[in-house]
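Following: one structure in structure tokens, then a few remarks.
Every number here is computed from the coordinates shown, using simple stated rules; none is lab data. Since this is a predicted model, take the numbers as computed values, not measurements. Cβ atoms come from the backbone with ideal geometry, glycine included; neighbour counts cover every protein chain shown.
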Amino acid sequence: MITVSANVTEGVQSAIVQQKVIDTLSKLDLGPGVTFKLKGEDEERAKAGAFLSKAFGTAMFLIFAILLAQFNKFTSVLLVLSAVVLSTIGVLLGLMIMGQSFGVVMTGIGIIANAGVIVNNNIVLIDTYDRLRHEGMNAYDAIIETCRERARPVVLTAVTAILGVLAIAFGINLDFVNRDIAIGAPSTQWWTHLSAAIVFGLGFATILTLVVTPAALMMIANLSQSRQRRREARAAKREAKRLAKAGASSLAPTPAE
């Protein structure tokens, strides 16, 4: 077994270099029985990715079970889980804006960390909507009142979390002892992927919570009303047929004795 080790130039993404190495070695004739395998950072990244995938799946399952016990409705549970999944769009957009690569470990942890705040905001919104509906309010008015009551708590929850890591996302290091502000300090580089995932993921998810979730609730209410009207129409049609048959049988001449 031959081991070859090397480092990449500063500023170059190791994932790109590893892919080029794989492409080059795949084209070479290494001889019979000779294989190659990337270790080091590539191996650790694969292990971390597998672990975080299992952790994310476990977290989603536990969230699903708890929400189903809370709401007792699959539609509400799916709305919350869809917001968690769609928040990854905001994470990816944030990485593109910041010019960062997708760090399996830190970005993955950021996505999982976002789930807690996103689920909390959607629970607050949907629970208020369900309460107003149970009190007899129609769907449209219930959605408007829910947004009016819960917009501020949802926004404040997201904004406080975002502001808490915003400085790290832009690589700003505040030294209160020496009264110094450093940009791009080494102490912030390890956490930029995590903080960027939280900042952009939560920002995007907050828009989803305040716009998409109420719209989805209205759509579900409209679909439910449409199904109810179709059921009532079919019931009325069956009742009309039954009455028509009953009237026809009563008007039929009786046989002579």
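So, in segment 91-142, of the ones that are of a type in the set (Asp, Glu) and in a helix (DSSP H, G or I), which residue ends up nearest to the chain's Cα centre (by Cα)?
127
Would it be correct to say that residue 88 is in contact (Cβ under 8 Å) with a residue 24 or more places away in the chain, of a type in the set (Ser, Thr, Tyr) and in a helix (DSSP H, G or I)?
yes
Of all the residues that make up segment 88-123, how many are under 17 Å from residue 157 (Cβ atoms) and of a type in the set (S, T, N, Q)?
4
Can you pull out the residues in segment 50-85 that are charged (D, E, K, R) and outside any helix (DSSP H, G or I)?
73
When the residues of segment 143-161 are filtered to those that are without any contact (Cβ under 8 Å) to a residue 60 or more places away in the chain and among the hydrophobic types (A, V, I, L, M, F, W, C), which remaining residue is surrounded by the fewest Cβ atoms within 10 Å (Cβ to Cβ)?
156
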